[in-house]
Amino acid sequence: MMQELQPQSTEKRGWWSLKLWSVAGISIALLSACFIVSCVVTYRFTYGETGKTLSELHSYHSSLTCFSEGTKVTAWGCCPASWKSFDSSCYFISGEKNVWSKSEQNCVEMGAHLVVFNTEAEQNFIVQQLNESFSYFLGLSDPQGNNNWQWIDKTPFKKNVRFWHPNEPSHSAEKCASIVFWKPIGWGWNDVICETSRNSICEMNKIYL
C-alpha cells in the first residue's frame, strides 16, 4: 500500500526548491552586472582612449588609411593617408627643405617627430622610399658637440643601432644627423650643420583599433 506524502514534507521540498532558484537567480544577476561593468571599463580604456587619440589625429590629418593586422586577434592599424606604414609606426617623407629645428617643428605640428631608427629592418624599409639625390634629417642630434648623440624621443642611443658612414661623425660643429646615399657604399648617416636646409622624415606611432 503506497504511503501518502505528508504535507509537511511537500512544503519543505518546495521551500528548498524556491531557495535554490533564488540563489541561482541572484548569481546570474551578479554575473551579468560584473560582465556589464567589465564591458564599460574595457570600452573606456580601449575604445575610449583610441577614440580620443583618433580625434587628436584628425585635428592634424583629414583622412586615415587602416590595415588589418594580427593573426590570432584581428586588429586595425591606422596611418594618415599618404604616410608609409611599417611595424608599429607611420612615416612621412617630406619633400620640403628646412633647417633641422624647423623640420622637427613641422613634424610636431602633424603629431609626429623626426624619425628615430631602432632597427636595421626599419631603416632598410625607409631608404626604399627615399630619393638618392637628397639628404634627409633624422631625429638625432649632438647639442653640445661633444659626441653625445641623442634621439629626439629620448630613445637610448644604442651602440648596436648605428649606421654612420665610414669616418662619421667627423666634426664637432656638425651637430645634427642626416641619412644620405653615397656611392658605392649606399645609404648611411652623416653629421651635418643643423642650419643647412634638407629634406626630412617624420615618424608617429600607429593607431590601433
Candidate set: segment 187-206, residues that are of a type in the set (Asp, Glu) and in a strand (DSSP E or B); chosen: the one farthest from the chain's Cα centre (by Cα): ASP191
Inter-residue pairs, beta-carbon under 6 Å, first of a type in the set (Val, Ile, Thr) and in segment 97-121, second surrounded by 14 or more Cβ atoms within 10 Å (Cβ to Cβ) and not in a loop (DSSP other than H, G, I, E, B), 6+ apart: VAL115/LEU138; VAL115/GLY139; VAL115/ILE201; VAL115/GLU203; VAL116/GLY139; VAL116/TRP151
Residue tally, condition at pLDDT below 95 and basic (Lys, Arg), over segment 184-207: 1
Residue match in segment 101-120 (condition: at pLDDT 95 or above, in a strand (DSSP E or B) and under 28 Å from PRO80 (Cα atoms)): yes
Breaking point among (1) closer than 23 Å to ALA81 by Cα; (2) of a type in the set (A, V, I, L, M, F, W, C); (3) part of a loop (DSSP other than H, G, I, E, B), for VAL161: (1)
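The values are calculated or read from the model by the stated rules, or taken from the named source; none is laboratory data. Bear in mind that the values here come from a model prediction, so they are computed numbers and not experimental data. Here Cβ is always computed from backbone atoms with ideal geometry, including for glycine, and neighbour counts include all displayed protein chains.
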